[in-house]
Amino acid sequence: MAAARQVLCLWALLGVPRVRCEPIRYSVAEEGESGSVVADMAEDVGLAPAELSARHARIVSPSGRHHFRIERGTGRLVLAERLDREQLCGRSPTCTLAFELLLVDPLQIVPVEVSVEDINDHSPVFPDERVTFNILETSDPGSRFPVAAAQDLDVGSNDIQAYSIIPENEFFAVSFRSQSESDMHVDLILQKSLDREEQPELDFTLIAIDGGTPPRTGSTQIHIVVLDVNDNAPAFTQKLYVGQIMENAPEGSVVLRVVANDADVGINGDITYDFSQAGIHKYSNFAVDPKSGEIRVMISLDFETTQKYEFSVRAVDGGGLSSMCKVVVELLDVNDNAPEVVISSVGSPLPENAEIGTVVALFAVSDQDSGANGEISCALEDQLSFSLRSDYKNYYELVTISTLDREERAQHIVVVTAADAGSPPLTTTHTFTVDISDINDNAPIFNQTSYTMFVHENNVPALLVGAVNATDRDAGSNAKVSYSLVPAHRAEQEPCSCVSVNSENGHMFVLRPLDYEQLKQLDVVVSAADAGSPALSSNVTVRLMVVDENDNAPLVLHPAQDSSPPSSEVVPAWAEAGDLVGKVVAVDADSGQNSWLSYELLKATEPGLFAVGAQSGEVRLRRPLTDRDTVKQKLIVLVRDNGRPSLSATAVLSVLLLNGLWDSHLPQQSPAAEHEDSSLTTYLIVSLVFVSLLFLVSAVAFVACKVCKRKDLSSG
């Protein structure tokens, strides 16, 4: 359980995000079952179990291997697997597993250290099941014969504490001494002189006893062969040999060479070398040449697994005498491990309106190498929108440094490069794919600033006349566009009811027939709105142009066709060819070429006497009057417009000829008759003025009627 000082420190950590403090320290015995409770972590960090779950508490291990886990319901720290202290830490006096408790919302990192305590789960083991000593019979009592020490993977009090001989004998006793925890010397001490003739061989058992409760033992069989005299044992030039080699050294590389000398000659001076203490793994990484003493690499080495090897080499002469030396092989680290990137959390997709400084991802980096080879730096490749922020140890946050716009870039590929400081450096890249989610920040945009559409008058109802189109740069429902008509001015209550727009595709329809003579053009406003919340919209003006059709026949204004009696044009006897007799005046309500009028003489009493101007409608004499001409002439003038097909009307014109023959047949007039002639002239003049005024009034009335009808149609 954590100390009280650590708990108070953690309360400070939880009150202030990212406060660094001493780690929480726990201890647990090795070989515990998976699920065994280590401690109540929720209580130690001052949070309820529910708060740990709400803040997504998780354990992050630098090695990437999770030995522990948090029990969700109780907030207790429990074992995720069975722990083997010897496998985790070897014979190290202490075995500490470090990890971080990661809390988010807000981000807090709590360092935790768990000490794995040793239990007595290993027995002492001798490197050889049977050891043979060739001892001269002349050996003096007190002579020492080194024995390869037993090895116990446990440490501390559970390590080897004593040696004994079973059965006890009068010739040998055992002695052991320890210069360091990894350097123990065991000797058989000759207590009584040997006599080969009496007893050429001797066997007994050497037992190693550890200090556990209950204690464990290991044994090896000792076989003593009594030899004739060989009075000089081999002697090494050094008691300790230290060699260094790169961890990537190829197989067969020489680490160092041990050298022993023997003063004897002949077979008693021939020395061979071997490993006297192979250890649990028999030091299969190395081999010693029995003749030269060269120690070579046998298999690949790995600095990250073992940094140093310690073992003993024995030199044995031909007479059976031997001596030992200690060999230490130190591995030198090379940069053979690339950095590792461990992802803790990734927040994607990211809304495009995310504030600058928003955390996108949290990750940690590690490198199994040591020294400069294990120093890591992280960088982003070609990135303007994101940056890295390091707040704690080897943890990095990927944060935004600029505003985001999904319409410009919907997805960002962020490449993080982790590089160590080795030579050459090794790198690891990790790619974050950050999707940008849409918000409704773009109004629909029409593909034209205004639209002009045409419809022929007298159209059929619900006629499709065109379409408007708007697009929205947003996505999903924010980009779904619907169309509607809106009033062109705020004062208007509703848009024109004669036009409609399809809300889905923007098709424009004219709902009822139109009359060009009443309405020549109509402006409506179409609104395009998206489905966002709140919705955004834009407007465009659609001008509907009514195209004229030839649906109005010419209207004759003069001479009036409904007057009774009909008026007559008078032609005096002195009239010459080309003189104006009268004029047909007509109008057409259509426009353009549909209103262009032409005149032609359709029928006349004397066809060769009169001519009609095709464009002006003027009736003129083609020749002078003769006595044979009929006094009363009737002309029918055809008025035709220029439409396709053309429409026409006829005008009937009466002409009275006052020629000389008509005068000679008249009786001699009295003064009263002359007065009547003068009155007739006055009547003709008055009639002409009246007809002109009637034409003017009719024209004004026609124009006023058209203007009124157009206003009524626009207001409807």
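The values are calculated or read from the model by the stated rules, or taken from the named source; none is laboratory data. Note that the structure is a prediction, hence the values are computed from the model and not measured. Here the Cβ is made from the backbone with ideal geometry for all residues, glycine too, and neighbour counts use every protein chain on show. To get the accessible areas, we keep the full protein, side chains included, count just its heavy atoms, and leave off ligands, DNA and RNA. Shrake-Rupley method; radii C 1.70, N 1.55, O 1.52, S 1.80 Å.
I'd like to check something: does region 96-112 contain any residue that is in a strand (DSSP E or B), outside the structural domain of Asp40 (by the TED database), buried (at least 16 other Cβ atoms within 10 Å of the Cβ) and modelled with pLDDT of 90 or more? It would help to see each step written out before you state the result.
Just the residues of region 96-112 that are in a strand (DSSP E or B), to begin with: 96-103, 108-112.
In the following step, the residues that additionally are outside the structural domain of Asp40 (by the TED database) were identified as none.
No, there is no match, as no residue in region 96-112 is in a strand (DSSP E or B), outside the structural domain of Asp40 (by the TED database), buried (at least 16 other Cβ atoms within 10 Å of the Cβ) and modelled with pLDDT of 90 or more.
Does region 460-474 include one or more residues that are open to solvent by 70 Å² or more (accessible area, probe 1.4 Å) and in a strand (DSSP E or B)?
yes
Please work out if Ala443 is over 14 Å from the mean Cα position of the chain (by Cα), aliphatic (A, V, I, L, M) and not in a loop (DSSP other than H, G, I, E, B).
On the way: over 14 Å from the mean Cα position of the chain (by Cα): yes; aliphatic (A, V, I, L, M): yes; not in a loop (DSSP other than H, G, I, E, B): no.
No: the conditions fail for Ala443.
Out of curiosity, is His456 open to solvent by 90 Å² or more (accessible area, probe 1.4 Å) and closer than 20 Å to Arg512 by Cβ? Don't jump to the end; show me each part of the working.
On the way: open to solvent by 90 Å² or more (accessible area, probe 1.4 Å): yes; closer than 20 Å to Arg512 by Cβ: yes.
Yes, satisfied.
What do you reckon, is Ser678 within 22 Å of Ser568 (Cα to Cα) and at pLDDT 65 or above?
No; evaluated as a whole, the condition is false for this residue.
Please give the number of the condition Gln593 fails out of (1) surrounded by fewer than 15 Cβ atoms within 10 Å (Cβ to Cβ); (2) closer than 21 Å to Leu658 by Cβ; (3) at pLDDT below 85; (4) not hydroxyl-bearing (Ser, Thr, Tyr).
The one condition Gln593 does not meet is (2).
Return yes when Ala488 is in contact (Cβ under 8 Å) with a residue 40 or more places away in the chain, under 24 Å from Ala354 (Cβ atoms) and open to solvent by less than 60 Å² (accessible area, probe 1.4 Å) and no when it is not.
No: the conditions fail for Ala488.
State whether the residues of region 355-376 include one that is among the aliphatic types (A, V, I, L, M), at pLDDT below 90, assigned to a loop (DSSP other than H, G, I, E, B) and out of contact with any strand residue (DSSP E or B) (no Cβ under 6 Å at 6 or more places or on another chain).
no
Go through the residues of region 331-351 one by one and say whether even a single one is within 29 Å of Asn232 (Cβ to Cβ) and over 22 Å from the mean Cα position of the chain (by Cα). Working first, answer last.
Pass one, region 331-351, residues within 29 Å of Asn232 (Cβ to Cβ): none.
Within region 331-351 (the criterion being within 29 Å of Asn232 (Cβ to Cβ) and over 22 Å from the mean Cα position of the chain (by Cα)), the answer is no, since none of the residues qualifies.
Just checking, which of Val259, Val255 is open to solvent by less than 30 Å² (accessible area, probe 1.4 Å), farther than 30 Å from Ile166 by Cα, in contact (Cβ under 8 Å) with a residue 12 or more places away in the chain and not assigned by the TED database to the domain that holds Ala148? Explain how you work it out, then say what you get.
Values: Val259 fails: open to solvent by less than 30 Å² (accessible area, probe 1.4 Å).
Just one listed residue meets the conditions, Val255.
Out of Val327, Val342, report the one residue that is open to solvent by 40 Å² or more (accessible area, probe 1.4 Å) and in a strand (DSSP E or B). It would help to see each step written out before you state the result.
Numbers: Val327 fails: open to solvent by 40 Å² or more (accessible area, probe 1.4 Å).
Answer to the check: Val342.
Has region 363-375 got any residue that is buried (at least 20 other Cβ atoms within 10 Å of the Cβ), within 22 Å of the chain's Cα centre (by Cα) and farther than 20 Å from Ala410 by Cβ? I'd like the intermediate steps shown before the answer.
Keep residues of region 363-375 that are buried (at least 20 other Cβ atoms within 10 Å of the Cβ), which gives 363-365, 367, 369, 373.
Imposing the further condition that a residue be within 22 Å of the chain's Cα centre (by Cα) reduces the set to 363-364.
Remaining after also requiring farther than 20 Å from Ala410 by Cβ: 363-364.
Within region 363-375, one or more residues are buried (at least 20 other Cβ atoms within 10 Å of the Cβ), within 22 Å of the chain's Cα centre (by Cα) and farther than 20 Å from Ala410 by Cβ.
Is region 444-454 home to any residue that is within 26 Å of Ser370 (Cα to Cα), among the hydrophobic types (A, V, I, L, M, F, W, C) and touching a residue at least 12 places away in the same chain (Cβ under 8 Å)?
Looking for residues that are within 26 Å of Ser370 (Cα to Cα), among the hydrophobic types (A, V, I, L, M, F, W, C) and touching a residue at least 12 places away in the same chain (Cβ under 8 Å), one finds none in region 444-454, hence no.
Of the conditions (1) among the aliphatic types (A, V, I, L, M); (2) under 30 Å from Thr237 (Cβ atoms); (3) open to solvent by less than 20 Å² (accessible area, probe 1.4 Å), Val360 fails just one. Which one is it?
So Val360 meets the others, but not (2).
Which condition does Asp154 not pass, out of (1) in contact (Cβ under 8 Å) with a residue 40 or more places away in the chain; (2) more than 20 Å from Asp317 (Cα to Cα); (3) assigned to a loop (DSSP other than H, G, I, E, B); (4) open to solvent by 40 Å² or more (accessible area, probe 1.4 Å), if it passes all the others?
Only one criterion in (1) in contact (Cβ under 8 Å) with a residue 40 or more places away in the chain; (2) more than 20 Å from Asp317 (Cα to Cα); (3) assigned to a loop (DSSP other than H, G, I, E, B); (4) open to solvent by 40 Å² or more (accessible area, probe 1.4 Å) is unmet by Asp154, namely (4).
For region 496-527, how many residues are in contact with a Leu (Cβ under 9 Å, 6 or more places away or on another chain) and of a type in the set (Gly, Ala, Ser)?
Going through region 496-527 one residue at a time, the tally reaches 3.
With (1) open to solvent by 70 Å² or more (accessible area, probe 1.4 Å); (2) in contact with an Asp or Glu (Cβ under 8 Å, 6 or more places away or on another chain) as the list, and Arg55 as the residue in question, which single condition is left unmet?
Exception for Arg55: condition (1).
Taking region 305-324, which residues are of a type in the set (A, V, I, L, M, F, W, C) and open to solvent by 40 Å² or more (accessible area, probe 1.4 Å)?
Met324
Hey, among the residues in region 113-136 that are polar (S, T, N, Q) and within 30 Å of Asn230 (Cβ to Cβ), which one's surrounded by the fewest Cβ atoms within 10 Å (Cβ to Cβ)?
Among those that are polar (S, T, N, Q) and within 30 Å of Asn230 (Cβ to Cβ), it is Thr132.
Taking region 508-548 on its own, how many of its residues are among the acidic types (Asp, Glu), surrounded by 16 or more Cβ atoms within 10 Å (Cβ to Cβ) and over 30 Å from Ser437 (Cβ atoms)?
3
Quick check on Ala577: is it at negative phi and not assigned by the TED database to the domain that holds Ala462? Give the steps one after another, and end with the answer.
Values: at negative phi: yes; not assigned by the TED database to the domain that holds Ala462: yes.
Yes; evaluated as a whole, the condition is true for this residue.
Out of everything in region 167-223 that is of a type in the set (Gly, Ala, Ser) and open to solvent by 40 Å² or more (accessible area, probe 1.4 Å), what residue ends up being farthest from Gln151 (Cα to Cα)? Walk me through it before giving the result.
First, pick out the residues of region 167-223 that are of a type in the set (Gly, Ala, Ser): 173, 175, 178, 180, 182, 193, 208, 211-212, 218-219.
Keeping just the survivors that are open to solvent by 40 Å² or more (accessible area, probe 1.4 Å) gives 178, 180, 182, 193, 219.
On the way: Ser178: 13, Ser180: 14, Ser182: 9, Ser193: 31, Ser219: 11 Å.
My answer is Ser193.
Out of all the residues in region 400-420, is one or more open to solvent by 20 Å² or more (accessible area, probe 1.4 Å), touching a residue at least 40 places away in the same chain (Cβ under 8 Å), of a type in the set (S, T, N, Q) and not in a loop (DSSP other than H, G, I, E, B)?
No; the residues of region 400-420 include none that is open to solvent by 20 Å² or more (accessible area, probe 1.4 Å), touching a residue at least 40 places away in the same chain (Cβ under 8 Å), of a type in the set (S, T, N, Q) and not in a loop (DSSP other than H, G, I, E, B).
Give just the number: which of (1) closer than 26 Å to Glu129 by Cα; (2) open to solvent by 30 Å² or more (accessible area, probe 1.4 Å); (3) part of a loop (DSSP other than H, G, I, E, B) does Gln238 not satisfy?
Every listed condition holds for Gln238 apart from (1).
Of (1) open to solvent by less than 50 Å² (accessible area, probe 1.4 Å); (2) at pLDDT 85 or above; (3) farther than 21 Å from Pro554 by Cβ; (4) not small (Gly, Ala, Ser), Ile636 satisfies all except one. Which?
Among (1) open to solvent by less than 50 Å² (accessible area, probe 1.4 Å); (2) at pLDDT 85 or above; (3) farther than 21 Å from Pro554 by Cβ; (4) not small (Gly, Ala, Ser), the lone unmet condition for Ile636 is (3).
Which residue pairs have Cβ atoms under 6 Å apart, sit 6 or more places apart or on different chains, and have a first residue in region 208-237 that is under 19 Å from Lys192 (Cα atoms) and a second that is acidic (Asp, Glu)?
These pairs meet every condition: His223/Asp203; Val225/Glu201; Val226/Glu137.
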